[in-house]
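Q: Could you have a look at this structure, given as structure tokens, before my questions?
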Amino acid sequence: MIVGAGAVGSYLAERLSTEGQDVVVVEDDPVVAADLQDRLDILVIQGNGASPSVLQEAEVDRADLLIAVSNSDGANVLACHSAAELGVGRTVARVEDPDMREALADLGVDVVIDPSETAARELVALLRRSGVSELIEFAEGRLVMVGASVPNTSPLVGVPLAALRADEADWEWVVTALVRHGVTIVARGTTVVEPGDHVLMMVRAADVDRATALLGVSPTPISRTIILGSTRLAELTVDHLLEAGFDVVGIDQDPDRCRSLAERHPRMLVLCDDPTDPDTLSGLDLGPGDAVLSLTGWDEVNIVGSLIGKALGASTTVARFNRISYVGLLEGVGIDAAVSTRLAAAAAILRFVRRGRIHTVATFKDTDAEAIELEVDRGSPAAGSTVVDLDFPEGAIIGGVVRNGTTLVPRGDTRIDAGDVVIFFALPEAIGQVERIFAGP
């Protein structure tokens, strides 16, 4: 059951219903509720999701999980509290106000997510490794999935992956997937990478530099970051960037927001001007050590701001998107990477939907595939088998294994044991089958 059909709620509803989950959405706005009911094969109930009577009507006691992701922290907490009183299995609430998080466990909230905080940390990680589009940690940071759009100079291009991996056998790496013209291809030994492909590869944390070199990415150290917008995501990102030692410039049109930003962050330069006006950015004399992060609440402004920043000399541009369909069209064409609080929320929530002992779920901006980190149950069909002997579907691949603190990037003869933590990449239609392989009876 999902309370709130905004950007996050509607995205989750669509994703979960596509997978065959039974989904109920409670939405207060009658227009939004009607639109969602027309678009998706789900049950939509129009009403206040924090109201016990509405939740009773929706039969919340039959739900395994209630996800409260409306735009109101208070409404989300109250919805979880009411649902817990009525017998729901588990509750997840989006709560952005840190002062509200102290005693939420006593109010029926089992899990709290803050997608803006997650996205802000992701942005700082990307700037530390400029040139990559993803940098996703698994196994408590010991394994990393690195993504980038590969240029024609990449050593990956034009060579079957099995042959290249044999040539690069002195370190552990595996390409898990690539996205080409909007189509996701789960990598195999015969797969050949083409220029412009968005490639995802798994490596040990110590080998990220070698991975970027293999992808053909030449990182440029970033010393100054220009933030367009003063949204909560922008302010959290400023906090993390200043703490990490970056010089930061903020640009927003709203005088009150600019004043507030300057008062909160006396170490940063704040310009009260139009972030899409080329004259505004040209006055900053952008160069290779500069990154432009377009983090306003409007996709169109973020697109234009990033394109202008790239045209004026910034080496790295990152845009925030609400409409995910923009990402595949624009990433790599003046926009180096994208960030989405919608996807950050989905990744945080999906691990409670997935079957088995899930540690992490990662979602991506140009594919519905997921990378899932889970523990192999005792008695599972996978325990004691080698990777090549597993009845793995075509739409999935294992990217990493952790055993007793040791990390492995697997090959065909790697054995899977009960208690291992496995990271796999899978298309939506393959996720259920892979979960059953690793789960116990």
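The values are calculated or read from the model by the stated rules, or taken from the named source; none is laboratory data. These numbers were taken from a predicted model, which means no experiment stands behind them. Positions of Cβ are generated from backbone atoms using ideal geometry, with glycine treated the same way; all protein chains shown enter the neighbour counts.
Q: In this structure, is Pro410 farther than 22 Å from Glu140 by Cβ, in contact with a helix residue (DSSP H, G or I) (Cβ under 6 Å, 6 or more places away or on another chain) and assigned by TED's automatic domain parsing to the domain that holds Val353?
A: Criteria not met by Pro410.
Q: While we're looking at this one, here's another question. Please verify whether Phe424 is outside any loop (DSSP other than H, G, I, E, B) and of a type in the set (Phe, Trp, Tyr), treating the condition exactly as stated.
A: yes
Q: OK, next. Kindly evaluate Thr407 against the criterion of being modelled with pLDDT of 90 or more and hydroxyl-bearing (Ser, Thr, Tyr).
A: Spelling it out, Thr407 is indeed modelled with pLDDT of 90 or more and hydroxyl-bearing (Ser, Thr, Tyr).
Q: Within region 175-191, count every residue that is surrounded by 19 or more Cβ atoms within 10 Å (Cβ to Cβ) and part of a strand (DSSP E or B).
A: 7
Q: Could I ask something else about it? Note down all Cβ pairs under 7 Å where the first residue falls in region 139-155 and is assigned by TED's automatic domain parsing to the domain that holds Val361 and over 23 Å from Val318 (Cβ atoms), the second is assigned to a loop (DSSP other than H, G, I, E, B) and at pLDDT below 90, and they're at least six residues apart or on different chains.
A: none
Q: So Ala347 fits all but one of (1) at pLDDT below 85; (2) farther than 24 Å from Gly20 by Cα; (3) hydrophobic (A, V, I, L, M, F, W, C); what number is the exception?
A: Condition not satisfied by Ala347: (2).
Q: For residues in region 192-210 being more than 22 Å from the chain's Cα centre (by Cα) and either aromatic (Phe, Trp, Tyr) or assigned to a strand (DSSP E or B) (or both), which is surrounded by the most Cβ atoms within 10 Å (Cβ to Cβ)?
A: Val193
Q: Further question on the same structure: Just name the residue that is surrounded by the fewest Cβ atoms within 10 Å (Cβ to Cβ) out of those in region 16-35 that are among the β-branched types (Val, Ile, Thr) and not in a loop (DSSP other than H, G, I, E, B).
A: Val31
Q: Another question about this same structure. From Arg342, Arg357, Arg403, Arg351, grab the single residue that is crowded, with 17+ Cβ neighbours inside 10 Å and free of Cβ contacts under 8 Å to residues at least 24 places away in the same chain.
A: Arg351
Q: Next up: Scan (1) touching a Gly at 6+ places or on another chain (Cβ under 9 Å); (2) buried (at least 18 other Cβ atoms within 10 Å of the Cβ); (3) closer than 23 Å to Leu350 by Cβ for the single condition Gly9 breaks and write down its number.
A: Condition not satisfied by Gly9: (1).
Q: Give the residue that is modelled with the highest pLDDT, with candidates limited to residues of region 194-232 that are among the polar types (S, T, N, Q) and touching a Leu at 6+ places or on another chain (Cβ under 7 Å).
A: Top of the filtered list is Thr225.
Q: Just for region 52-96: of the residues that are under 17 Å from Val32 (Cβ atoms) and hydroxyl-bearing (Ser, Thr, Tyr), which one is surrounded by the fewest Cβ atoms within 10 Å (Cβ to Cβ)?
A: Filtering region 52-96 for residues that are under 17 Å from Val32 (Cβ atoms) and hydroxyl-bearing (Ser, Thr, Tyr), the one surrounded by the fewest Cβ atoms within 10 Å (Cβ to Cβ) comes out as Ser72.
Q: How many residues does region 157-171 contain that are crowded, with 19+ Cβ neighbours inside 10 Å and either among the charged types (D, E, K, R) or assigned by TED's automatic domain parsing to the domain that holds Val409 (or both)?
A: Going through region 157-171 one residue at a time, the tally reaches 0.
Q: Same structure again: Considering region 2-11 alone, what residues qualify as being among the hydrophobic types (A, V, I, L, M, F, W, C) and at pLDDT 90 or above?
A: Result: Ile2, Val3, Ala5.
Yes/no per residue for (1) over 24 Å from Arg323 (Cα atoms); (2) over 16 Å from the mean Cα position of the chain (by Cα); (3) surrounded by fewer than 18 Cβ atoms within 10 Å (Cβ to Cβ):
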| site | (1), (2), (3) |
| --- | --- |
| Ala362 | no, no, no |
| Thr367 | no, no, no |
| Ser380 | yes, yes, no |
| Val388 | yes, yes, yes |
| Gly395 | yes, yes, no |
| Asp417 | yes, yes, yes |
| Asp420 | yes, yes, no |
| Pro428 | no, no, yes |
| Phe438 | yes, yes, no |
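Q: Quick check on Asn71: is it of a type in the set (S, T, N, Q), in a loop (DSSP other than H, G, I, E, B) and closer than 22 Å to Asp28 by Cα?
A: yes
Q: Applying the selection to region 269-283, what residues are under 15 Å from Thr317 (Cα atoms) and among the aliphatic types (A, V, I, L, M)?
A: Leu281
Q: Among the residues in region 127-135, are any surrounded by 20 or more Cβ atoms within 10 Å (Cβ to Cβ), among the polar types (S, T, N, Q) and modelled with pLDDT of 90 or more?
A: There is no residue in region 127-135 that is surrounded by 20 or more Cβ atoms within 10 Å (Cβ to Cβ), among the polar types (S, T, N, Q) and modelled with pLDDT of 90 or more.
Q: Out of the residues in region 90-108 that are at pLDDT below 90 and part of a loop (DSSP other than H, G, I, E, B), state the one that is nearest to Leu78 (Cα to Cα).
A: Per the stated criteria, the residue is Gly108.
Q: Moving on to the next point. Just checking, which of Arg210, Arg232, Arg180, Arg188 is farther than 30 Å from Leu281 by Cα, touching a helix residue (DSSP H, G or I) at 6+ places or on another chain (Cβ under 9 Å) and among the basic types (Lys, Arg)?
A: Only one candidate qualifies: Arg188.
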